[in-house]
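K.L.:
Before I ask anything, here is the structure I am working with.
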Amino acid sequence: MDAAVVENPSTLELTALLKEQAELGLIPALRNALQQASLQLDQEFRDGRGAGDLLRARAALIDDVLRHSWQALKLPNTQIALVAVGGYGRGQLHPHSDIDLLILRDGDNDADSKRLESFLTLLWDLGLQIGHSVRSVDECIAVAKDDVTVLTNLIESRLLHGEQALLDAVAQGTQATEMWPPEAFFRAKLSEQEARHAKFGDTEYSLEPNVKGSPGGLRDLQLIGWLAQRHFGWKSAAELTDNQFLTEAEATTIIHGQEFLWRVRYALHMITGREEDRLLFDHQRELARIWGFVDGDRLAVEQFMQLYYRWALALSQLNEVLMLSFDQAVLQAGTADVVVDINNWFELRNGYLSAKRDSIFQEYPGALLEVFLHAGNNPQALGIAAETIRLIRENRHRIDDDFRRNTQYKQLFLEVLRSNNRLTRQLRRMSRYGILGRYLPAYGQIIGQMQHDLFHSYTVDAHTLQVIENIRRFLKPENDERFPVTSRVARRLPKIELLYIAGLFHDIGKGRGGDHSELGAVDARVFCEEHGLGRRDSNLVEWLVRNHLFMSAVSQRKDISDPDVVQEFAQHVGDQNRLDYLFALTVADINGTNPKLWNAWRGSLLRQLYTESKRALRRGLENPVDKQEWIQETREAAAKILEYRGFTDSELSSLWQERGEDYFLRERAEDIAWHTEAIAGHQDHSHPLVLVRNGVESSVANTTQIFIYAKFDIGAFSRTCSRLEQLNLSIHDARIYHGRDGMSLDTYYVLDSSGESVDDVDRLRHITSYLSDKLSPETDSGSITSRLTPRRVRSFRLETETSMRVDPVREVSVLEVISLDRPGLLARIGEVFVEFGVICEAAKIQTLGERVEDVFFVTDMHQQPILDEALAEQIQNAIRNTLDAQEAA
């Protein structure tokens, strides 16, 4: 739809350019003229000329090239027509877009056919991206009858050269009275849009959106134009406004929004030198620079993408409103309205919630909240009517400080949060229509706010609503299998709305500089107090927002098999009620951050921490677990299992005397029994013993457990990491114990590339045999995987950060590494350990999108913490240099 008002844009003088190049011959002259013209248009873009002007200028330029080429090859002017269709037919052409042509013929002249081939060859030789078809009028009509896409292209056709009567005949034969009447056309195009939106995730907020096809993209605007033209014959936003299908404000939004998207697409084509409609990460940074954004409290790229997302959201909203309007005008035309009265303000009209009069939001501003209560709680409501959506948008400015101070309206908002029906859908509507951002100004600041990484799949506002939707899922029986523990915990929460409020505020402080958890906690406290929540409830919500990352961090970065870690966590939480709320919020948050982030391993860690903390709270925080009692209980439980396997106490004492206390403190009795039985039968200590079992058999559910018993070798960690990566397995936890007999007991918890444990028996056998062979001294080559880093990851630049501290309780040094994820990372860190004589006792591996946050528990060769600060710094420098040099390479 051409919504712009600029007419007769200035075009480049092709004739003058050709005269300058005349001595070169036709093709070189045309090619040089096109190149000069393109450079000039690009410069005008950089100088700030409107994108719409440039698209029309380029289309006019190509018009001249085609006409000049047609005449130069002496193609006829009658019984044939050269027609522009599609985007080119609209008279808009981006730098590297396809030039779609229809050649209409009346008759079949072999001479003309040969000249047409020469014409098309000439265009390809010029480097033009030509899409073409050659048809008669009857063929054209027949194809359009069967294919709505062909018909759509013809709707925007225009004659470039030749006989106008041929194109008129096609227009006559494809009009709505002959094929694709408005109802069928509307349904077909709406179905196309739904499929296209689904392809792009049904969200305007994709990490790398497609400026043409994603929701809120150019196709959404073009659909409006196609429907208006097909049904009403309207071709511009002005005609839609004149006929009251668009308000003046909406028409302005379309004009400026289309210009913005055109400019983005033009820039993408210009900087890539090809037809590129995807806003890839690298392109986002370049466009942010073109738009003049600079890094500050927020990255320039995040500022640019917020601008993009807000335009996409605005245009997607308009598309929604106009689709509803067309539905009423096309599908419901001539049918009697079915009206169901609700109250003084609203009614159901044909299933859609409608305002009874245009003035209701002036008369009663609280209806701006009440409308969503009715939309959610009335099972007959299919949605909100287009005109009512318009009224909401036009009156949202009424939500001001006085509105927010109104006690009645505060209670209405709480009623929305306490709703048992379609809560998430209503919050999404409130966000889309600008109500949520007006009622909670801090939320308004995060709308469309991108986080430039691969860890967060959504903008902050979309993530926030996804978290609330996840909480709702915990309450539904169909999700019990995926979230068995969380569902039970969530259902027994005394006030579920407190969890919704915590979810609403947990990330609301992002983008303001400072700790977003602290900023959000302050906002949450103010909200709770202003909305009349009691002190206890307010304290809980504030605490949840402040600590919403705490449980995840402890479970993934600390050794939760250590009773001291569990005791410290339980003391921080304080009581069972807080633990339940925090557990549910943490699971909802992780699942709402990135669909790929939640996996069996993370789930098992959180469940383990929750269960052990629950026991600690039940036991009483003043009664911490005695480590010696814990160790003794574990030994006795393992011995009982092995008693049934024929082991005697003296045999177990002999086998276990070389094991340290840490082994019995951190390992479970069933795993110790599994290890012990295998070790007792392993006689050849010159070769490693490798055991592998999947999540069903593993004591840590939903993971694959790999146990390696071998002679101590300082390079074993590096080699094992490399071999596991070659098996397409990702390490999530490593536990390494060094016995006094010179043997090492290593346990690795791994998942495959899908984030699940390995349950294929043949693959488990292959893993066992491969590691047994490749970890043997005579077969090990020591090579590290050299696979390419994925494109998305390569788009980021992240300097490696490290820190090292001594844990006096466990008598180890704790090394933390934050770096860009890449193949071979753990193996290379292991090589640094070998270089400096560092022994890795354990590792917690956490991959967050494009980066890793890994924790290693290390000692020196005497199994003592690294106390020499200079040595600690040398080790860290070596890790940073090794990893960053790999990234640079």
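The values are calculated or read from the model by the stated rules, or taken from the named source; none is laboratory data. Computed from a predicted model, the values in this text were never measured in an experiment. FYI the Cβ positions are ideal-geometry reconstructions off the backbone, even for glycines, and counts take in every protein chain you see.
K.L.:
Is there a residue in the stretch 776-795 that is crowded, with 18+ Cβ neighbours inside 10 Å, in the same structural domain as residue 859 (by TED's automatic domain parsing), modelled with pLDDT of 90 or more and of a type in the set (A, V, I, L, M)?
P.N.:
no
K.L.:
So, one more: Just checking, which of 602, 619 is surrounded by fewer than 17 Cβ atoms within 10 Å (Cβ to Cβ), of a type in the set (Lys, Arg) and free of Cβ contacts under 8 Å to residues at least 60 places away in the same chain?
P.N.:
Exactly one residue qualifies, and that residue is 619.
K.L.:
Take residues that are charged (D, E, K, R) and tell me which of the strands (runs of 3 or more DSSP E) falling wholly in the stretch 798-861 contain 3 or more.
P.N.:
Answer list for the stretch 798-861: 801-807, 851-859.
K.L.:
Another one. With the condition being farther than 30 Å from residue 41 by Cα, I'd like the helices (runs of 4 or more DSSP H) fully within the stretch 52-147 carrying at least 1 qualifying residues.
P.N.:
110-125, 137-146
K.L.:
Sticking with this structure for a sec: Just one of 200, 186 is aromatic (Phe, Trp, Tyr), touching a residue at least 60 places away in the same chain (Cβ under 8 Å) and surrounded by 15 or more Cβ atoms within 10 Å (Cβ to Cβ); which is it?
P.N.:
186
K.L.:
Next question. Kindly list the number of the only condition in (1) part of a helix (DSSP H, G or I); (2) buried (at least 20 other Cβ atoms within 10 Å of the Cβ) that fails for residue 509.
P.N.:
With (1) part of a helix (DSSP H, G or I); (2) buried (at least 20 other Cβ atoms within 10 Å of the Cβ) applied to residue 509, the lone miss is (1).
K.L.:
Please give the helices (runs of 4 or more DSSP H) falling wholly within the stretch 632-729 in which 1 or more residues are exposed (fewer than 15 other Cβ atoms within 10 Å of the Cβ) and over 37 Å from the mean Cα position of the chain (by Cα).
P.N.:
649-656, 661-666, 669-680
K.L.:
Now a separate question. Determine whether the stretch 381-398 contains at least one residue that is in contact with a His (Cβ under 9 Å, 6 or more places away or on another chain), assigned to a helix (DSSP H, G or I) and of a type outside the set (A, V, I, L, M, F, W, C).
P.N.:
No: zero hits.
K.L.:
For the structure I just gave you, tell me whether residue 858 is within 27 Å of residue 707 (Cα to Cα) and at pLDDT 90 or above.
P.N.:
Numbers: within 27 Å of residue 707 (Cα to Cα): yes; at pLDDT 90 or above: yes.
Yes: the conditions hold for residue 858.
K.L.:
Residue by residue through the stretch 1-52, note down the ones that are among the β-branched types (Val, Ile, Thr) and modelled with pLDDT under 60.
P.N.:
5, 6, 11, 15
K.L.:
Mind checking whether some residue in the stretch 571-579 is assigned by TED's automatic domain parsing to the domain that holds residue 604, closer than 13 Å to residue 486 by Cβ, modelled with pLDDT of 95 or more and surrounded by fewer than 22 Cβ atoms within 10 Å (Cβ to Cβ)? Spell out how you get there, then give the answer.
P.N.:
Looking only at the stretch 571-579, we keep the residues that are assigned by TED's automatic domain parsing to the domain that holds residue 604, and these are 571-579.
Checking the rest, the ones that are also closer than 13 Å to residue 486 by Cβ come to 579.
Applying the additional criterion that residues be modelled with pLDDT of 95 or more yields 579.
Applying the additional criterion that residues be surrounded by fewer than 22 Cβ atoms within 10 Å (Cβ to Cβ) yields 579.
Scanning the stretch 571-579, I find at least one residue that is assigned by TED's automatic domain parsing to the domain that holds residue 604, closer than 13 Å to residue 486 by Cβ, modelled with pLDDT of 95 or more and surrounded by fewer than 22 Cβ atoms within 10 Å (Cβ to Cβ), so the answer is yes.
K.L.:
Still on this model: Give 597, 655 a once-over and let me know the one that is out of contact with any Gly (no Cβ under 6 Å at 6 or more places or on another chain), farther than 30 Å from residue 552 by Cβ and either modelled with pLDDT under 85 or not β-branched (Val, Ile, Thr) (or both). Break it down stepwise before answering.
P.N.:
Working: 597 fails: farther than 30 Å from residue 552 by Cβ.
Only one candidate passes the filter, namely 655.
K.L.:
May I ask you to verify whether residue 883 is farther than 28 Å from residue 745 by Cβ and modelled with pLDDT of 85 or more?
P.N.:
yes
K.L.:
Let me ask something else. So which residues in the stretch 342-367 are of a type in the set (A, V, I, L, M) and part of a strand (DSSP E or B), if there are any at all?
P.N.:
348, 353, 355
K.L.:
Next up: Tell me the residue from 359, 354 that is more than 32 Å from the chain's Cα centre (by Cα) and surrounded by fewer than 17 Cβ atoms within 10 Å (Cβ to Cβ), please.
P.N.:
Step by step, each of 359, 354 is checked, and only 359 is more than 32 Å from the chain's Cα centre (by Cα) and surrounded by fewer than 17 Cβ atoms within 10 Å (Cβ to Cβ).
K.L.:
Does residue 291 count as surrounded by fewer than 18 Cβ atoms within 10 Å (Cβ to Cβ), outside the structural domain of residue 351 (by TED's automatic domain parsing) and either within 24 Å of the chain's Cα centre (by Cα) or at positive phi (or both)?
P.N.:
Answer is yes for this residue.
K.L.:
Something else now. Restrict the check to the stretch 252-262 and report whether at least one residue is surrounded by fewer than 21 Cβ atoms within 10 Å (Cβ to Cβ) and free of Cβ contacts under 8 Å to residues at least 24 places away in the same chain.
P.N.:
First, the residues of the stretch 252-262 that are surrounded by fewer than 21 Cβ atoms within 10 Å (Cβ to Cβ): 252-253, 255-256, 259-260.
With the extra rule that they be free of Cβ contacts under 8 Å to residues at least 24 places away in the same chain, the set shrinks to 252, 256.
Within the stretch 252-262, one or more residues are surrounded by fewer than 21 Cβ atoms within 10 Å (Cβ to Cβ) and free of Cβ contacts under 8 Å to residues at least 24 places away in the same chain.
K.L.:
Next question. Got a number for residues in the stretch 126-151 being farther than 19 Å from residue 86 by Cα and either small (Gly, Ala, Ser) or in contact with a Lys or Arg (Cβ under 8 Å, 6 or more places away or on another chain) (or both)?
P.N.:
Initial filter on the stretch 126-151 (farther than 19 Å from residue 86 by Cα): 126-127, 138.
Filter once more, keeping what is either small (Gly, Ala, Ser) or in contact with a Lys or Arg (Cβ under 8 Å, 6 or more places away or on another chain) (or both): 126-127.
Here the count works out to 2.
One line per residue, one yes/no per condition, for (1) touching a strand residue (DSSP E or B) at 6+ places or on another chain (Cβ under 9 Å); (2) farther than 30 Å from residue 255 by Cα:
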| site | (1), (2) |
| --- | --- |
| 323 | no, no |
| 334 | no, yes |
| 343 | no, yes |
| 380 | yes, yes |
| 388 | yes, no |
| 407 | no, yes |
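K.L.:
Does the stretch 445-458 include one or more residues that are in a helix (DSSP H, G or I) and among the charged types (D, E, K, R)?
P.N.:
No, every residue in the stretch 445-458 fails to be in a helix (DSSP H, G or I) and among the charged types (D, E, K, R).
K.L.:
If you go through the stretch 550-594, how many residues are over 17 Å from residue 807 (Cα atoms) and touching a residue at least 60 places away in the same chain (Cβ under 8 Å)?
P.N.:
Qualifying residue count, the stretch 550-594: 14.
K.L.:
Separate question: Within the stretch 487-542, track down each residue that is among the small types (Gly, Ala, Ser) and over 27 Å from the mean Cα position of the chain (by Cα). Step through it out loud before you land on a result.
P.N.:
Going through the stretch 487-542, the residues among the small types (Gly, Ala, Ser) turn out to be 487, 490, 502-503, 509, 511, 513-514, 517, 520-521, 524, 532, 534, 538.
Matches in the stretch 487-542: 532, 534, 538.
K.L.:
Please name all residue pairs, on different chains or six or more residues apart, with Cβ atoms under 9 Å, provided the first residue is in the stretch 212-239 and is assigned by TED's automatic domain parsing to the domain that holds residue 321 and the second residue is polar (S, T, N, Q) and crowded, with 23+ Cβ neighbours inside 10 Å.
P.N.:
Sorted first by the residue in the stretch 212-239, then by its partner, the pairs are 218/258; 220/214; 221/258; 237/258.
K.L.:
Further question on the same structure: All but one of (1) in contact (Cβ under 8 Å) with a residue 60 or more places away in the chain; (2) outside the structural domain of residue 55 (by TED's automatic domain parsing); (3) not small (Gly, Ala, Ser) hold for residue 156, so report the exception by its number.
P.N.:
Single failed check for residue 156: (2).
K.L.:
Please specify each residue of the stretch 407-427 satisfying the condition of being of a type in the set (S, T, N, Q), surrounded by 14 or more Cβ atoms within 10 Å (Cβ to Cβ) and not in a helix (DSSP H, G or I).
P.N.:
Selection gives 419 alone.
K.L.:
Here's another thing I want to ask about it. (1) surrounded by 21 or more Cβ atoms within 10 Å (Cβ to Cβ); (2) in contact (Cβ under 8 Å) with a residue 60 or more places away in the chain: which one isn't true of residue 304, the others all being true?
P.N.:
Against the list (1) surrounded by 21 or more Cβ atoms within 10 Å (Cβ to Cβ); (2) in contact (Cβ under 8 Å) with a residue 60 or more places away in the chain, residue 304 comes up short only on (2).
K.L.:
So, one more: So which residues in the stretch 636-645 are of a type outside the set (D, E, K, R) and modelled with pLDDT under 90?
P.N.:
Pass one, the stretch 636-645, residues of a type outside the set (D, E, K, R): 637-639, 641-642, 644.
Result: 644, single match.
K.L.:
Can you tell me which residue in the stretch 346-378 is farthest from residue 421 (Cα to Cα), limited to those that are in contact with a strand residue (DSSP E or B) (Cβ under 8 Å, 6 or more places away or on another chain) and aromatic (Phe, Trp, Tyr)?
P.N.:
Among those residues, the one meeting the criterion is 361.
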